[in-house]
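What follows is a short report on a single structure.
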Amino acid sequence: DAMLAGDIDISYSQGLVPFINAVKSNAPLKLVDIAMEYGMGGTTCVTSNASGITKANASELEGKKVAVPLGTMAEYVFDESMKVVGADRNKMEIIQMDPEEGAAAIVSGDVVMACLFGGNSIKSALTVGTRLLTVQEARDAGILGIDITSVTDKFMKENPGMLRTFIEVTHEANARYADGKSDLNVIAKDAEMALADMKDTIGGFKFLNARETKKSMESGNLAGFLKGMNTPDGAVDTSFLPL
């Protein structure tokens with residue numbers, strides 16, 4: 001919404017699902033880079049221990065209140081997780097809640113499950129609950145998260161040099177992290193997380209180099225995701241990658 005209103009020009013680490021929903025509605029946006037791929041360490045669904053609901057009896061979610069931030073990668077994870085455990089989302093009372101609200105709701109007992117993203121929200125929910133699927137179980141089921149960098153068509157056409165520099169700087173930062181040269185204390189401070197929690201969260205991210213990014217965008221994980229969600233053609237532009 002902020003991009004379409006002209007308030008921002010570039011969105012870094014944007015959830016892929018919101019981008020797809022936007023371009024399906026003819027929003028003038030382009031996907032120009034992959035911020036990261038990640039397992040379900042940073043996006044997951046947590047069931048309350050008090051409910052007694054696990055993947056083994058997940059059909060008991062039906063008829064219960066569930067918190068989901070709709071239109072986000074967490075909703076995608078929710079949908080895919082329900083397919084794995086054999087529960088029908090249409091029979092649940094789904095309540096739109098941002099991750100912080102969802103975490104608070106599961107802690108207070110107002111919902112039996114909360115689907116969340118963000119290390120702090122997940123950590124809070126896990127004080128009273130358990131992941132419906134472990135990170136490994138989600139990975140084995142093919143549930144993968146992808147955050148992207150998108151830009152408005154107008155900004156891309158008017159400021160190609162600035163956009164190219166932005167993406168180059170991003171990949172330089174990724175390379176520093178891969179080489180163990182990033183200042184993790186600064187990252188933790190900026191994320192408003194304890195250092196150990198930040199390390200645990202970022203450890204689940206995969207930062208692709210430019211060649212890996214291009215492959216993913218054209219024929220790999222990202223391309224498959226876009227095709228699977230019937231994304232309109234022409235939504236991706238790889239020409240700004242620092243190859």
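Rule-based calculations on the coordinates, nothing more; no lab input. All values reported here derive from a predicted model rather than from experimental measurement. Using ideal geometry, Cβ is built from the backbone for each residue, glycine included, and neighbour counts are taken over all protein chains shown.
Within the chain, the selection of entire DSSP H helices by a Cα span of 20 Å or greater along the long axis and an average Kyte-Doolittle value of at least 1.0 returns an empty list. Packing order of peptides 112-121, 177-186, 29-38, highest average first: 112-121, 29-38, 177-186 (average count of other Cβ atoms within 10 Å over each peptide's residues).
Taking only the Cα atoms of the chain, the ratio Rg/Rh comes out at 0.98, with Rh defined as the Kirkwood radius. Estimated purely from DSSP H runs of n ≥ 4, each contributing -39500 (n - 2.57), the mean residue ellipticity at 222 nm for the chain is -12000 deg cm²/dmol once divided by its residues.
Normalised by residue number, the volume inside the convex hull of the Cα atoms of region 43-140 is 81 Å³ per residue. Across region 43-140, the relative contact order, built from alpha-carbon pairs under 8 Å that are at least six residues apart, equals 43 percent.
Here the label points at A56 and L126, each 7 Å from Cα along the C-beta direction, are separated by 2.2 nm in the simple model. Remark: region 43-140 carries a charge dipole of roughly 220 debye about the Cα centre, counting +1 on each Lys and Arg Cβ and -1 on each Asp and Glu Cβ. Note on D140 and S13: the extension gain reaches 43.3 nm, defined as 0.36 nm multiplied by sequence separation minus the Cα-Cα distance.
Site pair K157 and A194 shows an inter-label distance of 5.1 nm when each label is modelled 7 Å from Cα along Cα→Cβ.
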